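Please treat every number below as a calculation from the coordinates, not as lab data. Fair warning: this is a prediction, and the values are worked out from it, not measured in the lab. Note: ideal-geometry Cβ built from the backbone for every residue, glycine included; neighbour counts use all protein chains shown.
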Number of protein chains: 4
Amino acid sequence: MRRTLKAAILGATGLVGIEYARMLSQHPYIKPAYLAGKGSVGKPYEEVVRWQTAGQVPKEVASMEVKPTDPKLMDDVDLIFSPLPQGAAGPVEEEFAKLGFPVISNSPDHRFDPDVPLLVPEINPHTVKLIDEQKKRRDWKGFIVTTPLCTAQGAAIPLAPIYMNFKMNGAFITTIQSLSGAGYPGIPSLDVVDNILPLGDAYDAKTIKEITRILSEARRAVNDPPMQEVSLAATTHRIATIHGHYEVTYVTFKEDTDAGKVREVLENFRGEPQELKLPTAPEKPIIVVDQDNRPQVYFDRWSGNPPGMSVVVGRVKQVNARTIRMVSLIHNTVRGAAGGGILAAELLVEKGYIE
Amino acid sequence: MRRTLKAAILGATGLVGIEYARMLSQHPYIKPAYLAGKGSVGKPYEEVVRWQTAGQVPKEVASMEVKPTDPKLMDDVDLIFSPLPQGAAGPVEEEFAKLGFPVISNSPDHRFDPDVPLLVPEINPHTVKLIDEQKKRRDWKGFIVTTPLCTAQGAAIPLAPIYMNFKMNGAFITTIQSLSGAGYPGIPSLDVVDNILPLGDAYDAKTIKEITRILSEARRAVNDPPMQEVSLAATTHRIATIHGHYEVTYVTFKEDTDAGKVREVLENFRGEPQELKLPTAPEKPIIVVDQDNRPQVYFDRWSGNPPGMSVVVGRVKQVNARTIRMVSLIHNTVRGAAGGGILAAELLVEKGYIE
Amino acid sequence: MRRTLKAAILGATGLVGIEYARMLSQHPYIKPAYLAGKGSVGKPYEEVVRWQTAGQVPKEVASMEVKPTDPKLMDDVDLIFSPLPQGAAGPVEEEFAKLGFPVISNSPDHRFDPDVPLLVPEINPHTVKLIDEQKKRRDWKGFIVTTPLCTAQGAAIPLAPIYMNFKMNGAFITTIQSLSGAGYPGIPSLDVVDNILPLGDAYDAKTIKEITRILSEARRAVNDPPMQEVSLAATTHRIATIHGHYEVTYVTFKEDTDAGKVREVLENFRGEPQELKLPTAPEKPIIVVDQDNRPQVYFDRWSGNPPGMSVVVGRVKQVNARTIRMVSLIHNTVRGAAGGGILAAELLVEKGYIE
Amino acid sequence: MRRTLKAAILGATGLVGIEYARMLSQHPYIKPAYLAGKGSVGKPYEEVVRWQTAGQVPKEVASMEVKPTDPKLMDDVDLIFSPLPQGAAGPVEEEFAKLGFPVISNSPDHRFDPDVPLLVPEINPHTVKLIDEQKKRRDWKGFIVTTPLCTAQGAAIPLAPIYMNFKMNGAFITTIQSLSGAGYPGIPSLDVVDNILPLGDAYDAKTIKEITRILSEARRAVNDPPMQEVSLAATTHRIATIHGHYEVTYVTFKEDTDAGKVREVLENFRGEPQELKLPTAPEKPIIVVDQDNRPQVYFDRWSGNPPGMSVVVGRVKQVNARTIRMVSLIHNTVRGAAGGGILAAELLVEKGYIE
């Protein structure tokens, strides 16, 4: 029987913080033990949190006091989940890692440090060994592991098995993303009522950059070399949905490729988390649906078990001999953030990086 | 000085009908003379119309009585605008054409009759000569001219000049469409609150079919043969915007193609309506914008002059040597329906088909 | 130990039907045994249902086949839940009652039959004795019990304890209701995007009529006579919220009345379901909140346990010596429909009307 | 012929600033001559403005350069319109007034200075004489005139004629307000998607406070004493509408009062702006509608001429002998802000305070 690990959630009242609180309240061995916040220190979590997710504030955390983001107060904490915002996250995460904490970060600040994993446990689990290098090079007792941008995961999770199994050439993505991805207060209401908000070149570019790294690390076997180069493009938007990033992807191939076989590969995709039966691993990382009006954000974003951990893929269709269209839907704050972070932690526990 | 033409608007209280009423109220020589409706016959237009567009009900039509769709009552009518729904439109339009009326239809029922033009005046004006064949073959005194599906026009209008000027290979389209395209009552609210509604395979297919015909008729010179075959795909959706279809298109080419040159071709595109200075022809059929957060539905759908007649194209960007991304926004009930219909009528007047 | 009762849900794929399916899947002794539908007969529930509520389709009902609304097929069914639409409900419910089934109806058709209870179990439980009269007069083996319009319950549940404890004079209500109250397809999207839809005189009137009956049956003791007459008004609207009716009520009194005491009465209100510890009875039928930005529809509609069974009341405030303002929020398809129906069934079981 | 006045618009790129720019571009004698902004100084107005209103940026202002809020640059400016935000407005407006500028302010900072008019030109035009006192007491060459909170105007404009003509006792108001009233970025989207946002006690209180002052200044004749005291309450909310504040008001009376007569008084209400035929005065300050599903925000907010200057009142109905219900809709950034400010300026010109 595994010993219980005590987790601190930084930014615990934020939109990803609440998903950590919700999911860890039901976790078999990682407990929410420390809720760090900013404006609300000293108050009961339940009183200050904006519970923009399913259900009600769990009793496990409801009356916990929100505390400062201060490692000196975290003596008995075993690991840190950090969904802090860009810029704020970087130095804080470094400080915790230096002091010996394992830090699972959903923030962009360290995503492209060459010795920091950008981990999607089903796709590039072998990258956890970067941690050894990271600790040595930086002379840290702890370490930082990052998870990718939710938008990048929504496309990359279905693209990875395609990339690994077919001679993929490129992917042209259009996203229709939800509001929760931008935090609170986040997107002004006047930007999304009777409107579509384009996220612009910088957001498009970072989406592509992250997908590119994830795919370059996707292997069929641990020692495989990186595979072919691909040409990616993303056009990103937000509209007035609360949770769930919806992404339309046209995938091109270097040779004739059959949509039926692509569909099969997607449906049968499993990764190390499934083999290891990690508690937060959904049975299927990708659920394929066949009705031509699905996935729909409202009805499918909580798919899988735990809810929200499976990416739903639909509309898999031959465009021409070398082009296939698919649509994917990811719960951005679950699989795309907190759930992905917890799954990463479980993998690290399994591999002995967190004890 | 051109004589005034009297127009009947069928379905005058519908979402396209109101745009006809609005635009014709300000037209230099086509007057709204007969407003045909169904449930509201005998009542003043103003009282029964749901004015889901800009401004207020124009005084020119406000107190006009809604009348039945009956050619016997239309003795002094010179032409018919028919935005009737699919199925209902077909036989009614035939009856009017047989009786000698020129019918401009926004309905799908006759769009693929081989002797009926599917007219976008800037792109395939030469197809009006199908009317001669139509009248002869059917032994009609009048005729039917159709305009394409709004969604198809939103992509086809910018694709046409690209197709005519570059060795285009294919186009992969994702649409985010507004509610007014589906009429009233149209889309149930529970389909689009906190949701995205996929329109499904049939809608995708008809979009492609219409774009294919339009491009195949796009020529640089009237006598040019049809150009290359292209591979098209569309993934169509509706969300909770009121007017304006937003479409992201990845265009692929058979040879290296420069986004800057594509942008230039789009910006400089003019058609016969511009040369003829037709009253409803916008100065530029395509307005190119360069900010990376435009076009936006709320702010750009009424672009051009008359408002809503220009398609706004933005985000024109090189993806790779042979792929370019662009975004287009069309006011679906104006350029994509009533405005397109009026422009078609003006072209037909100019060419002597309506007298 | 109570024996298990088998329930049929009529209109099981509708917006109230799904709440019955969800709640009964977790019920200690009432099981969802028969799912009746219309267009989807013969198909697995999961495949045809539009699951516009919390969570996913429960495994208890997911693969059940949808069947016709035919009593001959319901031999082993013990009770009927009928959220059928107005008009359709009436004759069907009568037929079932005649055949011996207890029918719990959320439909308006029999709400004002003088021998049919309009039951809110916390407020007028004594009206169940109308069943004896109903069965005798109509010579039925079964019976019909109705629950009130969700909108009426949202105001009546907090008004009842006020009415019973203070010399209430009148109540002036303004509702801002959600879309699910109108079913699916229900409200056209173009009615509620950038708009507020007034529900009109007839809806206002039926809301008042039902509140009036409920209050007239509210007693402190079973044998109390009806209390004072009150003057009620309601102005009802729908907007683009999915679930949750929000109602602002100004209550006037015949004598000086203290808001603090009203608040106390609301908070301490309990009814027979609480005394009997019925499984679907929330600990508190009314949860009073004190923050001046609550209740909020998104955050508070699932309040209570079972979730959605408590009405949340806030903003209780003295306007002047004889006027108090309060705001109430009811989950319209749970407490206002399916949950209220199940609670009614439990009361009827407890009182021996269902065996 | 009146000489042309040159106006500066402070905060010209804000949501009220754009309405000033739009309306003054068509004004017969007040011209938009100076557009003051903050982050966008030095750029063409058209390029930096977020045109969240009807039509497109008018050519009269499109290419004007945005300039700093600096009186030294405003030598040829005749009057100042100040829709600056609370706190920022106060000192700036004082500085301008001290330097001799007439300042029309839509900001709350000076609304309750005893020598500053809180002007609704149809209701309390006699309060302009406070300007004389203001200039003398403060030894200013210029002066400040304020207009009330949009929310307060939406209720006060119809309440004033009722107050003046009947023995009004109280008014219990529930507002459902639009997003533009809170400026940009303003309300976070996550507060209003599938939600209703209560504005809280402070907002309720300031609404009442302003209505109270306006009513206390409403007279049938200039020299009438203030009339009866009234008891007011407001419960204020925002939802996802873009423009238009919708308000439900229950009005109580000290004696039996007939709804038909109240309706008549509302319909026939005219004020000094109508008598003086001020250019921005709508023919009817209040337009009464009788359909039981009107007013609707989307369809009625631009009512009147100039569009948006009339308050639309509907649902006027007897609740009981001494209570009447009505609903009012005000275009918050037009009649409730910029349009009200321009009308105030016209009155001040007419009365010789601006020359």
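7 Å from Cα along Cα→Cβ at both B:GLU255 and D:GLU95: what's the point-to-point distance in nm?
My value for the distance between the label points is 6.3 nm.
Which percentage, to the nearest 5, of the DSSP beta bridges contained in the protein assembly as shown is antiparallel?
50 percent
So for the range A:1-110, averaging the separation of alpha carbon pairs under 8 Å that are six or more residues apart and normalising by length, what relative contact order in percent results?
It rounds to 28 percent for the range A:1-110.
To the nearest 0.05, how large is the calculated FRET efficiency for C:GLU264 and C:ASN320 if R₀ is 22 Å and r is the Cβ-Cβ distance?
Result of the calculation: an efficiency of 0.65.
Specify the angular offset, from 0 to 90 degrees and rounded to the nearest 10, of the alpha carbon long axis of helix B:339-350 from the longest principal axis of the alpha carbons in chain B.
Here the helix axis deviates by roughly 70 degrees.
In the Gaussian network model of chain C, springs joining C-alpha atoms below 10 Å, which of C:LYS136, C:LYS277, C:LYS67 carries the largest mean-square fluctuation?
Maximum among the listed residues: C:LYS136.
Starting from the range C:179-268, pick out the trypsin sites (Lys or Arg not before Pro) whose DSSP state is loop and whose Cβ has at most 14 other Cβ atoms within 10 Å.
Those that pass, being in a loop and sparsely packed, are C:ARG220, C:LYS254.
Please determine, in degrees from 0 to 90 and to the nearest 10, the orientation of helix B:150-165 with respect to the longest principal axis defined by the Cα atoms of chain B, where the helix direction is its Cα long axis.
50 degrees
When the helix-only estimate is applied to chain B (DSSP H runs of n ≥ 4, each -39,500 (n - 2.57), divided by the residue count), what is the mean residue ellipticity at 222 nm, nearest 500 deg cm²/dmol?
Value at 222 nm, helices only, nearest 500: -8000 deg cm²/dmol.
What is the mean number of Cβ atoms from other protein chains located within 10 Å of the Cβ atom of each residue in peptide A:292-300, rounded to a whole number?
Across A:292-300, the average partner-chain Cβ count within 10 Å equals 6.
Which entries of D:LYS141/D:LYS167; A:LYS67/C:LYS59; A:LYS209/B:LYS261; B:LYS43/B:LYS209 have Cα-Cα distances beyond 32 Å here?
Result: D:LYS141/D:LYS167; A:LYS67/C:LYS59; B:LYS43/B:LYS209 exceed 32 Å.
Starting from the Kirkwood Rh over alpha-carbon pairs, what translational D in µm² s⁻¹ does chain D have by Stokes-Einstein at 10 °C and 1.306 mPa s?
My calculation gives 78 µm²/s for D.
Using the Cα centre of the protein assembly as shown as the reference point, and only Cβ charges (+1 on K/R, -1 on D/E), how large is the resulting charge dipole? Debye, rounded to the nearest 20.
0 debye
Mind checking C:312-319 for the average number of partner chain beta-carbons within 10 Å of each residue's beta-carbon?
Mean partner shielding for this stretch: 2.
State which entries of C:LYS98/C:LYS284; C:LYS136/C:LYS351; B:LYS6/B:LYS38; A:LYS254/B:LYS317; C:LYS31/C:LYS136 exceed 27 angstrom in Cα-Cα distance in the structure shown.
Table pairs above 27 Å Cα-Cα are C:LYS98/C:LYS284; C:LYS31/C:LYS136.
Tell me the label-point distance for the pair A:GLU275, C:LYS141, using the 7 Å Cα-to-Cβ offset, in nm and rounded to one decimal.
Going from the A:GLU275 label point to the C:LYS141 one covers 6.3 nm.
Average projected area of the Cα convex hull of the range D:11-67, in nm²?
3.3 nm²
Just to compare against my own numbers: the Cα pair-distance distribution for the range B:151-331, 10 Å bins, whole % per bin, please.
10, 37, 37, 14, 2, 0
Which one, D:ILE9, D:PRO71, D:PRO121, projects farthest toward the positive side of the charge dipole computed for chain D from Cβ point charges (K/R +1, D/E -1)?
The one lying farthest along the dipole's positive direction is D:PRO121.
Charges at C-beta only: +1 for Lys and Arg, -1 for Asp and Glu. How large is the resulting dipole of chain B about its Cα centre, in Debye rounded to 20?
220 debye
Using each residue's phi in the range D:18-34, evaluate 6.51 cos²θ - 1.76 cosθ + 1.60 at θ = phi - 60° and report the 3J(HN,Hα) Karplus result to the nearest Hz, with x for Gly and Pro.
Karplus-based 3J(HN,Hα) across the range D:18-34 equals 5, 5, 4, 4, 5, 6, 5, 4, 10, 7, x, 9, 10, 9, x, 10, 8 Hz.
Kindly give the semi-axes, whole Å and largest first, of the ellipsoid equivalent to the protein assembly as shown, taking each as the square root of 5 times a Cα gyration tensor eigenvalue.
46, 45, 37
Can you say what percent of the DSSP beta bridges in the range B:151-331, counting only those with both residues inside, are antiparallel? Round to 5.
The antiparallel proportion sits near 75 percent.
Give the relative contact order (percent, whole number) for chain D; include only Cα pairs under 8 Å separated by 6+ residues.
17 percent
How high is the relative contact order of the range B:286-355, given as a whole-number percent (alpha carbon pairs under 8 Å, six or more residues apart)?
26 percent
How well do other chains shield peptide B:238-250, expressed as the mean number of their Cβ atoms within 10 Å of each residue Cβ?
What the average comes to for B:238-250 is 6.
Under 19 Å from a label point 7 Å along Cα→Cβ of D:LYS351: give me every residue in the range D:255-281 with its amide N that close.
So the set is D:270-281.
Evaluate the distance, in nm, between pseudo-label points positioned 7 Å from the Cα of B:THR212 and of B:ARG50 along their respective Cα→Cβ axes.
3.5 nm
Taking the Cα centre of the range D:150-331 as origin, sum charge times position over the Cβ atoms of Lys and Arg (+1) and Asp and Glu (-1), and report the length of that vector in debye to the nearest 20.
180 debye
Any idea what angle helix C:259-268 forms with the longest principal axis of chain C, computed on alpha-carbon atoms, 0 to 90 degrees, nearest 10?
Taking Cα atoms only, the helix is inclined about 20 degrees.
Quick one: with label points 7 Å out along Cα→Cβ, list the inter-copy distances for B:GLY100 in nm, shortest first?
7.5, 7.5, 10.0
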